[in-house]
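Where a number appears in this text, it was derived from the coordinates with a stated rule and is not lab data. Remember, predicted model here, so these are calculated numbers, not experimental data. Cβ atoms come from the backbone with ideal geometry, glycine included; neighbour counts cover every protein chain shown.
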Amino acid sequence: MFDDDDEDFGFNEDDFDSEAYKREQERIHNLPVFVKAKEIAHITQAICDSIKAERDLLGVRDAMQENAFLLGAKIAGAEGGDLYTLRMESAVIIKIHARELLTQTTLCKMEELVDEKYLQLLRDEIDNFRLLFIDWVNGFDRTNDVPDDWGLFYS
């Protein structure tokens, strides 16, 4: 097994620039699309907290929270990956989770789990997110890539 004396795979702590790391984290956390993703996560959490466990027969609370919290995580991953293909893969996953979250608001309405005005607030914020998402994706650099031989994202 591994112990403290095992090889460190070439990582040298002295080469790590903690200030550059902090600046990059701050840049990502201040992206409008990331800020909106955090807002959606907070709204979703509040909505899910209001759903009574005994009425949540379909596990919608867990599914909604998973979808909401993945938005920000995938944005951060896309920013860290930087290659066009990796960023587009993350963008597709983000779109899927945002649309699932939107669909789950309809389920909450149909099952009368949450007051509709809160669901509409979340829907509106997802639509605002969609607009920021489009701007964010349009900023991806198509020239910064290495083809992955899967045939996606290339004409």
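Things to note:
- A simple spin-label model places the labels of Asp149 and Ala73 3.0 nm from each other, with each point 7 Å out along Cα-to-Cβ.
- In this rough spin-label picture, where each label sits 7 Å from Cα along the Cβ direction, the Asn138-Lys38 distance is 2.5 nm.
- For the pair Asp17 and Glu112, label points projected 7 Å from Cα toward Cβ lie 6.0 nm apart.
- Residues Val33, Val114, Val146, Val92 arranged by fewest to most Cβ contacts within 10 Å: Val146, Val92, Val114, Val33
- Identified option (computed P(r) over Cα pairs in 10 Å bins from 0, in percent; candidates (1) 10, 40, 41, 10, 0; (2) 10, 29, 30, 20, 8, 3, 0; (3) 10, 32, 26, 20, 10, 2): (3)
- Lysine pair count for the chain [Cα-Cα under 21 Å; pairs on different chains or 8 or more apart]: 13
- Summed side-chain charge close to Leu31 - residues other than Leu31 whose Cβ falls under 13 Å, Lys, Arg +1, Asp, Glu -1: 0
- Part-to-part distance (alpha-carbon centres) for the stretch 94-155 and the stretch 60-85, which is given in Å: 10
- When the chain is treated as a Gaussian network with alpha carbon springs shorter than 10 Å, the biggest mean-square fluctuation among Lys74, Lys22, Lys95 belongs to Lys22.
- Paramagnetic label reach from Asn128 (point 7 Å along Cα→Cβ; backbone nitrogen cut-off under 14 Å): within the stretch 28-70, residues 32-44.
- Relative contact order (%) - the chain, alpha-carbon pairs under 8 angstrom, separation at least six: 27
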